[in-house]
Amino acid sequence: MIRLLGLAAVLLPVWAFAQPGPPPVPVTTDAVRSGDVAIEVLANGVVQSESVVTIRTRVDGAINEVHVQEGDFVRRGQVLFTLDSRLTQAILAQQEAQLARDRAQATRAQSDADRYRSLRGESFASQQRFEQAVADAAAAAATVRATEAIIQQTRLNLEFSRITADVDGRLGALPLRAGNVLRQAENTPLGTITQVDPVLVQFNVPERWLPRIRASMQGAALPVHVRADGDAGAPVRGELIFVDSQVDTATGTIGLKARFINSDQRLWPGAYVRVALNAGADQDVLTVAAPAVQTGQQGRFVFVAEQGVARRRSVELVRVAGERAVVRGQLRDGERVIVDGAQRVSDGARIQDRSATPPGPRVSALETR
C-alpha cells in the first residue's frame, strides 16, 4: 500500500504537466496594404442656383394673357405674360405721324439752306439770311432725330408689353393672373425663374484641409461628387470653382463651392446633399482594416498573426479612410493583422485564423471628418 502511494506521488507531477493549455482563440485577419490612398473629404452641402431672376414689369398695363403655368421650365426669350398695349400702339402711331411731318420740314429747311448758299455765292442774299437758313436746317434735322429717339423708346415700351424669360430655368409661383393691372412704380413681382442647369453646391470643410486643397488646385480643377438623400443613382460629378477668402473663426471651417451640370435635374436648389471632395492622395502609405486598430494605455496598436501566435505592434493612426485606417509603424505589406477577435487576445496568445477568403482588390476610401 505504501508503495502504491509513493508511485502515485511520483506520477502526479507528470499528469499535471500533460494537461493541454487554453485553446487557440478564433480570429479573422486582413492583410496590411501598401499603396496610394485617395483623400476624399466628406461634408454636407446645400444646392444653390447660379441665378434667381425676379420677373417684374417695365411698363404699365393690364395683364391680357398668362402663357405659362407655375413650375414650368422656360427658355430664355420665351413669352411669359402679355400686357394690354393698345395705348402704346396709339402713341406710336401719333409719333410716327409727327416724324413724317418733321422730316418734311427738315427737307424744306435743307432746300432753303442750299438755295441761300447759291444766292450768297452770287451776292443776291445777305450773309445773315444765309446763316439763318443753315441754322433752320440744322434745327429741323435735330427735331427729326429727337422724334426718332422718342419712337424708339415707344417701340421698346411696346416690346416690354411682352414679358419674356431672361434666363433658362424653372418658374416659381405666379401670384397674378390675367386682368390684374401692373404699374412699374409699384415694382410688383410676377414670379421668379430659378436656373437649374448648371447649379452650385456650397459646403464647408475643416481649415486643416486648406493647404492641401490649394496645392491640389494648382494642377487642375478638383473633382467633387455629391449625392442627394434618397438618390440611388451614381454620385453627380462636378468641379471645385471657389475657395472663400477667409476662414470662419467661429466654426474653424473654410467655405467652398462646386459647379455641376444638372441637365437631368437630379440636384434641386435648396436641397441638402452629401459632398465628397477629392483632395489628392497620400502616396505609398500603409493601411489596415479600421477595426484592427486598438487603443491601450500606451497608445494605438494592432495584433499581427505570426505562425498561429498574436504579436502586438505599436502603430500611429494617421487617419481613417472609410473601412481602412492609414497607419505608421513596424508593419510590412502583406502581413496579416487581427480584425475580428482582437479584443479577446493578448501578446503571445495562440490564435486560429478563420478568414474565409484573401483580401480583395484595393479601393480608394473616403476621408471622414
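Values quoted throughout were computed directly from the atomic coordinates according to the rules given, and no laboratory measurement underlies them. Computed from a predicted model, the values in this text were never measured in an experiment. Reconstructed Cβ throughout: ideal geometry from the backbone, glycine too, with neighbour counts over all protein chains shown.
Couple of notes before you dig in:
- Cα centroids of segment 179-201 and segment 74-95: 18 Å apart.
- In plain terms, if you count all Cα to Cα distances in segment 85-160 and split them into 10 Å steps from zero, the share in each step is 21, 33, 22, 15, 8, 2 percent.
- Sequence-distant residues sharing a close amide H with GLU323 (under 5 Å, placed H): LEU366
- Most fluctuating residue given options GLU65, GLU96, GLU239, as computed from a GNM of the chain linking Cα atoms under 10 Å: GLU96
- Virtual spin-label span in nm between GLU306 and LEU42, 7 Å along Cα→Cβ: 3.5 nm
- Reference-scaled alpha-carbon Rg (2.2 N^0.38 Å with N residues) for the chain: 2.02
- Helical contribution to [θ] at 222 nm, DSSP H n ≥ 4, -39,500 (n - 2.57), averaged over the chain, rounded to 500: -9000 deg cm²/dmol
- Candidates ALA220, ALA271, ALA165: whichever shows maximal mean-square fluctuation once the chain is modelled as a Gaussian network with Cα springs under 10 Å: ALA220
- From phi via Karplus (6.51, -1.76, 1.60), per-residue ³J(HN,Hα) for segment 25-40 in Hz, x at Gly/Pro: 7, x, 9, 10, 10, 9, 7, 6, 10, 10, x, 8, 10, 5, 10, 10
- Close amide H partners of VAL25, meaning residues 5 or more places away or on another chain with modelled amide H under 5 Å apart, are ARG350, ILE351, GLN352.
- Taking the DSSP beta bridges with both ends in the chain, the antiparallel portion is around 95 percent.
- Once backbone amide H atoms are built at 1.01 Å from N, ARG300 has VAL315 as its partners under 5 Å, excluding neighbours fewer than 5 places away on the same chain.
- Here the 3J(HN,Hα) profile of segment 46-51, calculated from phi with Karplus coefficients 6.51, -1.76 and 1.60 at θ = phi - 60°, is 10, 6, 10, 7, 6, 8 Hz, Gly and Pro shown as x.
- Electrostatic bookkeeping for VAL53 treats Lys and Arg as +1 and Asp and Glu as -1; over the other residues with beta carbon under 15 Å from its beta carbon, the sum is 0.
- Phi angles across segment 143-153 convert, under the Karplus curve 6.51 cos²θ - 1.76 cosθ + 1.60 with θ = phi - 60°, into 3J(HN,Hα) values of 4, 4, 5, 5, 5, 4, 5, 5, 5, 4, 5 Hz, Gly and Pro given as x.
- Residue of ARG76, ARG312, ARG115 that the Gaussian network model of the chain assigns the largest fluctuation, springs spanning Cα pairs under 10 Å: ARG115
- Computed E for ALA234/GLN202 - FRET, C-beta separation, R0 25 angstrom, nearest 0.05: 0.70
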